[in-house]
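Heads up, the thing below is written out as structure tokens.
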Amino acid sequence: MSVVSTQFLCDAQDTSCIHRIPAPGTFCAATGEASPTALLRIDRTGRIVDQIGGSGMLPSMRGRPLWELFHEARNDGSGWLAAWQACGRHIVSQVWHLIADNRPLSVEFARLPGDRRGHCILRVSGMTPDDNRLRELSLLAHAAHQSGDAIMITGADGLIEYVNPAFERNTGYTLAEAKGRSPGILKSGVHGREFYARLWRALQAGEVVRLVFTNRRKNGELYHEEKTISPIRDAQQNIRHYVATSRDVSERIRAQDQLEYLAGMDPLTDLPNRRLFTDRLRHAMRRSRRMERPLAVLFIDLDRFKVINDTLGHSVGDALLAEVAARLRGCVRDSDTVARLGGDEFTILLEDTGDRDAVSEIATKILATLAHGVRVHGREFFVSASVGVALYPENGQSVDELLSRADLSMYRAKTAGRSTFRFYEAGMDADAHTDLSAEIALHGALERREFFLVYQPIVDTHSGRATTVEALLRWNSPTEGVVPPDRFIPLLEETGLIVPVSRWSLRQALRDLHSLQRARPELRLAFNLSGRQLRDDTLVSDIATALADAGIAPHMLELEITESTLMEDIPRSREILEALDAMGIHLAIDDFGTGYSSLAYLMRFAVGTLKIDRSFVRELPDSADAVTIVRAIASLAASMGLNVVAEGVETPGQLAQLRELGCHRLQGYLFSRPLNPDELPALDCFAPVA
């Protein structure tokens, strides 16, 4: 619909609109038209009730019938009466001819809504529909020329007919250079023939194609562009042209590639990290089960490495770790995986291992290789290691079981005198009895009111005030006192008790928030969701009920979920998170950077905040790798419009570094340890605004 038609529709839907235009030229000025315009109010019989504007184009016709002015408004069933019946509440556009000189004029008319008399309003102008179409084409041409996105139009044969200035800036090719040539001038060689063949088949079938291309500018530089290609059809629905709009997304792609690399690889040793190792182990276990071939996991910890690192500095320690990584790679086949889990801990995945003797040979080879002197920074060091071995399927049926039992075996090797290896044995599970006792005690702990909540503020460094408090669960055992959460929360998960305990925790946290909001009405609550809860069919309704009972608006609640939890069941997670997002609840990814860290997955979810894991913050500001990771996360989040929270902030140096990297919502002991709710108002970050 043209601008004029839109203006006319607004007038036609207002019974008093005829009185809103004080002068004949006002309407033309408002719509940008050069031709004069007249507004006529017509009653049901076709008589002109009121007339404004149009001097020099129309004679004064107030009180006279419309058919004395236009041929097409003749007083019969095919004239005015038919037009009146056709318009209804919609705009009808026609070309009518003046009786006086047979001059064609553009006539748009619509019935006035709410007018019981059935009056209509006509807008008469010297512009015909063809003139309007020419104006719209001119507007489209100006829009394409001034668009910030690159625009390219080709014929049905694929040859370029038009490019806009944004295309010229992005590619380096001018319109004169590109016109008449194929878009293949931008080919980089990254995409193969089949890629372009599929693209061309889709376009010829009339499909709209959206892809990210790696193209080459005129100067030879590679760049990434997000492109949408659409067919343009004629009146007979034949494809006559294609229009492609695109924007340069090179920075976003580079940031994502760097983050994905850092998320899966250890920058120091260039080995897979824990995330990638566990992913490979999971796939290897499936292959092993299918092909009935055993595999082994070796858990390696360097003996007394901490002494070297603390005494001689991180630079020596890092160089030593890099050399150890290279030696470990040299001890196994290319098909095996060597990974660094963190610190001085390494793991090795051996597929199709044969028997224990074969694994023993490799473990012995590793110990012997590491025992040779290592020269770093002009000094020679002798490194030994303790190795634990767990076998699949003999020693465990899951990734966590194998890793934990290989880890347990490694500690047995250390207690046996170091520089040795041990296979996992069932007797090593004695510590599991302690967990069993804790599990038994957890049953009934909720009823006995042994759980309580503490809160840690999340501070906005711009204002120095707490914007959010995170609720943290604690257990006061009658026999052990306050039990660390890393001991009892995994047991709650395993037993399913996490669901009723979390249900109680959320209700209690919302009640505490309601009390805190009396002094700080803008304060929000962060609350952790577990994987078990995402599988609970009553989760969404439970949360809605808890919010209503506490009198808390949904947007004051932010739910935190770890990456690994989201990825356990992507369809289910997306369904739950979309329902929560629809309620107005904010969603955050906890421990970001330690899991998948892939926007290809995360953008499937309604996520608003990324919480940078404390393991990266702990290394600031001394670790260049940690700085790189945090900067990448902050940059990527900013480009996608996401908030960032850094947790585990403990020193002024970390605070300064995080602010420099663009992280301004921080959490950690630097601001406050977790406190009871009645202790929070005493904190500086809870002080009233001066």
Self-check item: 25 Å Cα-Cα reach of residue 179 towards lysines, excluding residues that sit fewer than 8 places from it in its own chain
Solution: 187, 218, 227
Self-check item: At most 11 other Cβ within 10 Å, DSSP loop - trypsin sites (Lys or Arg not before Pro), segment 251-325
Solution: 304
Self-check item: Surface/4 of the Cα convex hull for segment 243-402, nm²
Solution: 13.2
Quiz item: Between residue 463 and residue 270, what is the spin-label point distance in nm, taking each point 7 Å from the Cα along the Cα→C-beta axis?
Solution: 4.8
Exercise. Give the long-range amide H neighbours of residue 524: residues separated by 5 or more places, or on another chain, with amide H under 5 Å away, using H modelled in the peptide plane at 1.01 Å from N.
Key: 468, 469
Quiz item: Taking only protein heavy atoms and a 1.4 Å probe, what accessible area per residue, in Å², does segment 451-554 have with all protein chains in place?
Solution: 41
Self-check item: Amide proton proximity set for residue 64, modelled H, under 5 Å, gap of 5+
Solution: 48
Quiz prompt | In segment 431-520, GluC sites (Glu not before Pro) in a DSSP loop with at most 12 other beta-carbon atoms within 10 Å | solution = 447
Quiz item: Fully extended, how many nm does the chain gain between residue 474 and residue 282 (0.36 nm per residue separation, minus their Cα-Cα distance)?
Solution: 65.9 nm
Practice problem: Using only the alpha carbons of segment 237-292, determine the length spanned along each of the three principal axes and report them from longest to shortest in whole angstroms. | Solution: 58, 35, 11
Quiz item: So, how do all the Cα-to-Cα distances of segment 488-568 break down into 10 Å bins, in percent, from 0 on up?
Solution: 17, 49, 27, 6
Quiz item: Counting only protein heavy atoms, what percent of the accessible surface of segment 511-562 is carbon or sulfur at a 1.4 Å probe?
Solution: 52
Quiz prompt | Estimated D of the chain in µm² per second, where Rh is the Kirkwood radius over Cα pairs and Stokes-Einstein applies at 4 °C, 1.567 mPa s | solution = 40
Quiz item: Normalised by the residues of segment 253-388, what does the relative contact order come to in percent, with Cα pairs under 8 Å and at least six apart?
Solution: 30
Quiz prompt | the chain - mean residue ellipticity at 222 nm from DSSP helices (-39,500 (n - 2.57) per run, n ≥ 4, rounded to 500) | solution = -12000 deg cm²/dmol
Exercise. Give the calculated FRET efficiency between residue 182 and residue 335 to the nearest 0.05, with a Förster radius of 41 Å applied to their Cβ-Cβ distance.
Key: 0.40
Self-check item: Volume of the Cα convex hull of segment 135-188, divided per residue and given in Å³
Solution: 81
Exercise. Please report the orientation-averaged projected area of segment 71-119, defined via the convex hull of its C-alpha atoms, in nm².
Key: 3.6
Practice problem: Largest first and to the nearest Å, give the Cα extent of segment 373-505 along each principal axis. | Solution: 54, 46, 28
Quiz item: Straight-line reach from residue 414: which aspartates and glutamates have Cα under 16 Å away, leaving out those fewer than 8 places along the same chain?
Solution: 301, 303, 344, 345, 425
Exercise. Can you run the Rg to Rh ratio on segment 61-220? Use alpha carbon positions and the Kirkwood inverse-distance Rh.
Key: 1.25
Quiz item: Between the helical axis of 250-264 and the dominant principal axis of the chain, each derived from Cα atoms, what acute angle in degrees is found, rounded to the nearest 10?
Solution: 20
Self-check item: Label point distance in nm, residue 447-residue 493, each placed 7 Å from Cα along Cα→Cβ
Solution: 2.7
Quiz item: Share of Cα-Cα pairs in segment 617-690 beyond 20 Å, in percent?
Solution: 38
Quiz item: How many times 2.2 N^0.38 Å is the alpha carbon radius of gyration of segment 482-533?
Solution: 1.35
Quiz prompt | Acute angle (nearest 10 degrees) that the helix 274-291 long axis makes with the longest principal axis of the chain, alpha-carbon atoms | solution = 80
Quiz item: Normalised by the number of residues in the chain, what is the relative contact order in percent for Cα pairs under 8 Å and 6+ residues apart?
Solution: 7
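The values are calculated or read from the model by the stated rules, or taken from the named source; none is laboratory data. Keep in mind it's a predicted model, so treat the numbers as computed, not measured. Virtual Cβ from ideal backbone geometry, glycine too; neighbours counted across all protein chains shown. What goes into the accessible areas is simple: the full protein's heavy atoms, side chains included, and nothing from ligands, DNA or RNA. Shrake-Rupley method; radii C 1.70, N 1.55, O 1.52, S 1.80 Å.
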